[in-house]
Amino acid sequence: MSDGPLIVQSDKTLLLDVDHLLADDCRRAIAAFAELEKSPEHIHTYRLTPLGLWNARAAGHDAEHVIDTLLKYSRFAVPHALLVDIAETMSRYGRLRLEAHPVHGLVLVSHDPAVLKEVTRGKKIAPMLGLQLDDETIIVHPGQRGFLKQALLKLGWPAEDFAGYVDGEHHEIALREEGWSIRKYQAMAAEGFWHGGSGVVVLPCGAGKTIVGAAAMAHAKATTLILVTNTVAARQWRDELLRRTTLHEDEIGEYSGAKKEIRPVTIATYQVMTMRRNGLYSHLDLFDAIDWGLIIYDEVHLLPAPIFRFTADIQSRRRLGLTATLVREDGMEGEVFSLIGPKRFDVPWKEIESQGYIAPADCVEVRVTLTDAERLNYATAEVEDRYRFCSTTATKHKVAVALAKQHEDEQVLVIGQYLDQLDALGEDLGAPVIKGDTPVKERERLFNLYRAGEIKCLVVSKVANFSIDLPDATIAIQVSGTFGSRQEEAQRLGRVLRPKADGRGARFYSLVARDTVDQDFAANRQRFLAEQGYAYRIIDADDVLFGNRS
Amino acid sequence: MSNSLSDALRSKNDVEIAELFRARPDLISPVPADIGALAARANSMPSVMRACEALNKWQFDILTALCALSEPISLIELLAVTSKDAQATVHELEAKALIYKDGEHYRVPTNVRTLIGDTPAGLGPRGTATLDFGLLATAPKGALEILERMMWGPPKGQIADIKKAPAHIKWLLENKFLLAFDSQTVLLPREVAMHLRNGKIFKEIVPTQPPLKGTSRKQKDVDQAAIANISTIIRWVEELAHNWSDEPPTALRSGGLGVRDLKHSAEHLGIDEGCAAFVAEVTYIAGLVVIDSDDAILPTSAFDIWLSRSMDEKWYALACLWLESSRMSGLVGRGDSKSVSALGPELDRPGTPTLKKLTLALLSANPELDPELASMHENISWLAPARANSSYTEWILREAEWLGLSGQGAISTFGKRFLESDDLGIDDALPKPVDHILIQSDNSAIAPGPLTLEVANAMGTIADIESRGGATVYRFSETSIRRGLDHGQTGEAIIDFLRKTSKTPMPQPLEYLIVDVAKRHGRLRVGVATSYIRCEDEGLIAQIIHDRKLDGFGLRKLAPQVLIAESESAELISTLREAGYLPAAENQTGVLVSAPKLRRSKSRPKPPRSLTEPAAPLDVAIDAALRSLRVGEKATSHKPREVPRTSANETVELLHHYIAERSTLTIGYADTNGGVSNRMIEPKSISLGTLVAFDHSSGEIIHFRIPRITGVSLAE
């Protein structure tokens, strides 16, 4: 019995003991076929999924390799049934193939007529298929490539896609590494994506996902459509691309509410893409405006449903999804994977932190005890109003102000959900407030002042949850949020994770009203970060109020 | 006069009889009275069947061949039609009393012959005519094909009509190469078949066991796989029993585990239903669970003892019981109507232990070999032709694998040691139990190996299991902590335990979680009270609670102004009044009620019966009574009450006659039980074999079935 770092569980999870000598080797070896599920301090959890195993097949690993790896690193004997299952699952890959037929276009091919028969009998699949040419070949209706792949995956017969990607219109793009150089993990992520053709890259906030996008564009050397969450993010992308690549200003267009430019590299917002006129998505034509060689989806966890549907139609174009937090409270992670492509790269946040590319963060939950009057009001409030009530109490306000005052020498962000709460805080702190109705120009002006250090404190609503690059913010104070959203919590922490010039750590305060639903939601919100190894510290609000500086 | 089986047995010496007893143990219990009784028993059908089932293919074939030859059978003849290797086998069969000696020849006991059947090895009856096989050379077209089709049996052939048989069949019949059995059936005589078979009875006859084919494995890998399986099966068994303790399934009325419960268990264990059925079965045969008298399936006290035993002991118990059990868990869900259920009464299959032992012996004889199913089945079929069944073979192989008797299909070291009753050494091969856990900041804890019983029990109450296997992943949640508190733990005790057990520092959020839950746990209390006393004067409340006269009411102070009591409010009120207080009752909404609520029974009124004087009857009633009296008179005055007897023809004739005359008749009428009674009737008509008549005794028109009428006479 070896004394390896890996424990293979019968539910197909793999537990990796990160303190083990061989942990690093093992992590690299299993990353090819197992998906990282969580990475707290001591034991990381990976999972063997059919999708992961098929991706490994697609990347050229065979079942024997997977089994050998497991046996090599496993601490205990591996259940034989699990090994048999792995071999069986992997053998299903590639029995069906999507190919480009010189005459009939896209065809589904299999040398195993039984499998072909089984899948063509599926009710969902039959309408996507056309004429059967011979025992082994069936025509696929044009435009169904994405849906067919998705449906086949669900049936457990993933199709190997040999139909290839369209190259799109050529456009020369290269990285301009002057005074900076691409980080190793960024290069690996871009290569991982390029090798797989399409897929999602998961990197922590502040770890430089834009660079991964730029590197992917340099690989593609083709016209690129970039979809981002809002106009501010679009401009950030533009600036970053100008700084990091050989692209010129007139090569990059912005397609937003304000401007409708279509250029070789076009940055569009999700908002404008999903805008409807007379019940029609009038801007979806953008997808066909140019023969795009690459489509990048920034913050892909926010991908809105219409774009989901459209993505299924453009399976022949290369697609890159970027995100820090691929958790959707609506459980649509699977859709993202099957439409954009599988996860191509993922790395524990703490690992990037240990390499110094994101700032170490101290997460603090501040427990606020409500006054008796507040508790009574809370208890009698309507159930649907309770969260709003307890997360906007006066006591919380007082604590938030005290905390901000404590850190008045540092760059502070106060983040919240409820606008009147934010307005009140802005007033008491003498800080500007940025919310949904703040014009883009004003937002940019305030962000620039903040970056320059002329404003020390900003109060922001959920418009600043993601994509806003504020390198010097070190303190975030969260006063309220979108209920139990895990990704929001992580994204908000992400605002302060850019490495600081002086190597300082960041601090993230989350104010939670004790003994209320706020506390339950907070527990759920913190799960993603806790699973990434961010251990929350709990302090009492009284310690803040009465000066015991933590 | 030929020798009989009892004569043959009588001539055996003690050693030979002892050998017979060893070969056929059913003959010795109970001990037969004399050799005659022994012979009778040896020739009894059940015993013969049992003995024949224990034969291998070769022995069975030789016995069949013996049955195909005419008695007395000479050894030379047998060897000629089979193989010269048969000689030793004849002695084996003779030792088992499946054949017996008659001088230099052999005979077959009648029931052995019956068992083998009329057409041994597909050979038909003997013909009587002498045959000229030379004629076959001149056979018409198609005749030889007919013979070839019948030569390996069955020796019967169907044709449309023997009189109109086609020419070639006619030729065969004329030359006695076929015999006519009836107008549509022809038979191939034994001599012809033997001639066509070139004088041999069997196409091929294999005196030795076929070699076992399969994939070769390395013993090290085999043992690795086996040990994983061993730890897994024991974990499954314990997990299942724990699960059933939490949510006991209800047994079906027919006994056994319902399909839905089986599915639930399979999901719980994360295995397929076939495997879950097997786990349920071994748990059941090991006595770890039992179907209670109220149909709940629950772990037994033996399970608690089991938990404290070593892995060696646990596995040995499972393997032993499995091996000896005649239950075939593979049958679960396979019945024609899907009615065969795990733990149910329909799983027993005779011969299962033998098949299991044969399978293990085969695996054991071929170490480092993962046999192909087909080859395994071929072997089993040779060893026990009467019992072999390819599904059973498949199930036994997979069960042996689940149990870890084999690993990767080949016999494991543990399986071998088990068969040789050696020290198993499982405890040494399994990872050592650990007594610590690693707590992480996401409120999960990991036991990096099998936990000691004590820690596992403690963790089980305060955390939920998220993932099982070599390690166990636990998750703490509000619910799990509350469960721990419900089990009588305190917040401090839980924190102490975790601090002591965890190798990693306790994350602060978890500590807060435990403290928070402990703080809230039990803050709300629920109890039972039958009535209460409330009073704004706290002094009076104090006085009441100290009043000796009210001692029996179990008064308890809940709040300064509230007492609760265990008695009904009415009783409490009257006692309080007696004690000199001035209580008043209040209703559910706290409103004072001026008088105690009147008490009412919830049952419906049920007044007692009373004996009353009869009132004068109504005229209608008197009329009815009179009419009835008259009829009664008419019926009883017909004395002596003889049942009239007339013949069937007479009956119908008389009836027609009296219908026309409109007379009152007496008939004898048989009821469904054959009893005959007298009826006084006025016949109306006859239709469809029934007589329609007015019956005086019932006062109704009744249909009498004529065949049941025993006789008719005019009423006097």
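Students often get this wrong: which residues of segment B:537-564 have the backbone nitrogen under 19 Å from the point 7 angstrom along Cα-to-C-beta of B:Ala585?
B:553, B:563-564
Chains B and A: buried accessible surface, both sides, probe 1.4 Å, rounded to 100 Å²?
Separately minus together, B and A give about 2600 Å² buried.
For B:Asp486, tell me the accessible area in Å² from a 1.4 Å probe, rounded to the nearest 10.
Only protein atoms counted, so the area is about 90 Å².
Under 11 Å from the Cβ of B:Ala266, count the other residues' Cβ atoms, weight Lys and Arg +1, Asp and Glu -1, and hand me the total.
Around B:Ala266, the surrounding residues sum to -2.
Ranked by accessible surface with a 1.4 Å probe, highest first, in what order do A:Lys72, B:Lys357 come?
A:Lys72, B:Lys357
Counting only the backbone N, which residues of segment B:115-150 are under 20 Å from the spot 7 Å out from the Cα of B:Gln184 toward its beta-carbon?
Answer for segment B:115-150: B:150.
For B:His703, A:His171, what's the largest-to-smallest order of accessible area, 1.4 Å probe?
Sorted by accessible area, descending: B:His703, A:His171.
Working out 0.36 nm times the residue gap between B:Leu307 and B:Ala37, then minus their Cα-Cα distance, what length gain in nm do you get to one decimal?
Fully extending the segment from B:Leu307 to B:Ala37 adds 92.1 nm.
Can you tell me the length gained on complete extension of the stretch A:Ser91 to A:Leu545, counting 0.36 nm per residue apart and subtracting the Cα distance?
157.2 nm
Just to confirm the filter: which chymotrypsin sites (Phe, Trp or Tyr not before Pro) across segment B:167-253 are DSSP coil and have at most 13 other Cβ within 10 angstrom of their Cβ?
Here no chymotrypsin sites (Phe, Trp or Tyr not before Pro) fit, given the DSSP loop and packing criteria.
To one decimal place, what Kirkwood hydrodynamic radius in Å is obtained for segment A:96-162 from all pairs of distinct Cα atoms?
11.5 Å
Which three extents, in angstrom, do the Cα atoms of the protein assembly as shown have along their principal axes, listed largest first?
Principal-axis extents of the protein assembly as shown (Cα, largest first): 127, 112, 71 Å.
May I ask you to list the chymotrypsin sites (Phe, Trp or Tyr not before Pro) in segment A:489-548 that are in a DSSP loop and have at most 10 other Cβ atoms within 10 Å of their Cβ?
Taking segment A:489-548 and a limit of 10 other Cβ atoms within 10 Å, the loop chymotrypsin sites (Phe, Trp or Tyr not before Pro) found are A:Phe546.
Averaged per residue, what accessible surface does chain B expose to a 1.4 Å probe, in Å²?
The answer is 54 Å² per residue.
Can you give the net charge of the other residues whose Cβ lies under 9 Å from the Cβ of B:Ala276, counting K and R as +1 and D and E as -1?
-2
Given a Förster distance of 30 angstrom, what is the FRET efficiency for A:Val440 paired with A:Asp285, based on the Cβ-Cβ distance and rounded to 0.05?
0.80
Tell me the accessible surface of B:Arg349 in square angstrom (1.4 angstrom probe, heavy atoms of protein chains only), to the nearest ten.
Answer for B:Arg349: close to 70 Å² accessible.
Along the three principal axes, how long is chain A when you take its alpha carbons, biggest first, rounded to the nearest angstrom?
Principal extents (Cα only, largest first): 79, 63, 54 Å.
Need one number: nm distance between label points at A:Leu133 and B:Lys557, each 7 Å from Cα along Cα→Cβ, rounded to one decimal.
It is 9.5 nm.
Compute the accessible area of each residue in segment B:421-436 twice, once for its chain alone and once with every protein chain present, using a 1.4 Å probe on heavy atoms, and list those whose area falls by at least 10 Å².
B:Ala429, B:Pro431
Just grab the label-to-label distance for B:His264 and B:Arg475, each label 7 Å out from Cα along the Cβ direction, in nm (one decimal).
Result: 2.1 nm between the two label points.
Anything over 29 Å Cα to Cα? Flag those among B:Lys141/B:Lys203; B:Lys141/B:Lys164; A:Lys462/A:Lys500; A:Lys123/A:Lys209, in the order listed.
Table pairs above 29 Å Cα-Cα are A:Lys123/A:Lys209.
Beyond 22 Å between alpha-carbons counts as too far, so tell me which of B:Lys220/B:Lys416; A:Lys12/B:Lys218; A:Lys259/A:Lys441 fall in that bin.
Those over the limit are A:Lys12/B:Lys218.
Determine, from the Cβ-Cβ distance of A:Asn524 and A:Lys398 and an R0 of 22 Å, the FRET efficiency 1/(1 + (r/R0)^6), rounded to the nearest 0.05.
For A:Asn524 and A:Lys398, the calculated efficiency is 0.30.
Mind checking the dipole of segment A:1-130: about its Cα centre, +1 per Lys or Arg Cβ, -1 per Asp or Glu Cβ, Debye to the nearest 20?
Its charge dipole is roughly 760 debye.
Which whole-Hz couplings ³J(HN,Hα) result when phi for each residue of segment B:555-569 is put into the Karplus expression 6.51 cos²θ - 1.76 cosθ + 1.60, θ = phi - 60°, listed in order with x for Gly and Pro?
Karplus values, whole Hz, x for Gly and Pro: 6, 9, 8, 9, 8, x, 10, 10, 10, 10, 9, 9, 10, 4, 5.
Taking only protein heavy atoms into account and a 1.4 Å probe, give the accessible area per residue of segment A:95-238 in Å².
44 Å²
Note down the accessible area of B:Asp246, probe 1.4 Å, to the nearest 10 Å².
About 120 Å², rounded to the nearest 10.
Evaluate the distance, in nm, between pseudo-label points positioned 7 Å from the Cα of B:Arg662 and of B:Ala80 along their respective Cα→Cβ axes.
9.9 nm
Could you grab the Rg to Rh ratio for chain B? Cα atoms only, Kirkwood for Rh.
For chain B, the value is 1.20.
What ranking, highest mean first, results for peptides B:125-132, B:412-419, A:283-290, B:391-398 when packing means the other Cβ atoms within 10 Å averaged over each residue?
For the peptides B:125-132, B:412-419, A:283-290, B:391-398, the packing ranking is B:412-419, B:391-398, A:283-290, B:125-132.
For Cα pairs less than 8 Å apart in space and 6+ apart in sequence, what is the mean separation divided by the residue count of segment B:35-117, i.e. the relative contact order in percent?
This gives 36 percent for segment B:35-117.
For the protein assembly as shown, give the magnitude of the charge dipole about the Cα centre (Cβ charges: +1 Lys/Arg, -1 Asp/Glu; no others), in debye to the nearest 20.
The dipole of the protein assembly as shown has a size of about 2200 debye.
With r as the distance between the Cβ atoms of A:Arg121 and A:Val166 and R0 = 25 Å, compute the FRET efficiency 1/(1 + (r/R0)^6) and round to 0.05.
After rounding, the FRET efficiency stands at 0.20.
Please report the net charge: other residues with Cβ closer than 13 Å to the Cβ of B:Lys500, K and R +1, D and E -1.
-2
What order, most packed first, do the peptides B:672-679, A:28-35, B:88-95 have when packing is the mean number of other Cβ atoms within 10 Å of each residue?
Result, highest mean first: A:28-35, B:88-95, B:672-679.
Between B:Val676 and B:Ser390, 0.36 nm times their residue separation minus their Cα-Cα distance comes to what?
Result: 96.5 nm gained on full extension.
The values are calculated or read from the model by the stated rules, or taken from the named source; none is laboratory data. From a predicted model like this one, the values you see are computed outputs, not experimental measurements. Note that each Cβ is placed from the backbone with ideal geometry, even for glycine, and that neighbours are counted across all protein chains shown. The accessibility values were calculated without ligands, DNA or RNA, using every heavy atom of the protein model including side chains. Shrake-Rupley method; radii C 1.70, N 1.55, O 1.52, S 1.80 Å.
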